[in-house]
Amino acid sequence: MLRMRPRCMGCTQELARDDLAFICSYECTWCPPCARGFAEVCPNCRGELVARPRRTNGAAVIVSRFPDRMRRFARRAAGRV
């Protein structure tokens, strides 16, 4: 499964799943103080920094509705086709 980046790319501050963080379209991840310091423009790609979406427990609902699809996805992600 894909994971959100756990640290700010600028100051390496730990970012929990529910913490406010900012990302660009390439998923460069920044804490709020760093994002403000960059005027909410990614210094890597010059893209707009927007609030990172927060994860919910929606994955459990998806797995319960599509268990076979999720097993196939997990095998492909692990390199076992």
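The values are calculated or read from the model by the stated rules, or taken from the named source; none is laboratory data. Fair warning: this is a prediction, and the values are worked out from it, not measured in the lab. Virtual Cβ from ideal backbone geometry, glycine too; neighbours counted across all protein chains shown.
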Checklist outcome for this item: For region 11-42 the number of residues that are among the hydroxyl-bearing types (Ser, Thr, Tyr) and surrounded by 13 or more Cβ atoms within 10 Å (Cβ to Cβ) is 1
Checklist entry - Restricting to region 1-37, what's the tally of residues that are in a loop (DSSP other than H, G, I, E, B) and without any contact (Cβ under 8 Å) to a residue 60 or more places away in the chain? => result 24
Next on the checklist: I'd like to verify a number: residues in region 38-52 that are within 15 Å of Cys8 (Cα to Cα) and assigned to a loop (DSSP other than H, G, I, E, B), how many?
Outcome noted: 7
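Could you please find all residues in region 43-63 being modelled with pLDDT of 80 or more and either loosely packed, with under 11 Cβ neighbours inside 10 Å or over 22 Å from Phe22 (Cβ atoms) (or both)? Before you say what the answer is, go through the steps one by one.
The first filter runs over region 43-63 and keeps only residues modelled with pLDDT of 80 or more, leaving 43-53.
Arg46, Pro53, listed by residue number.
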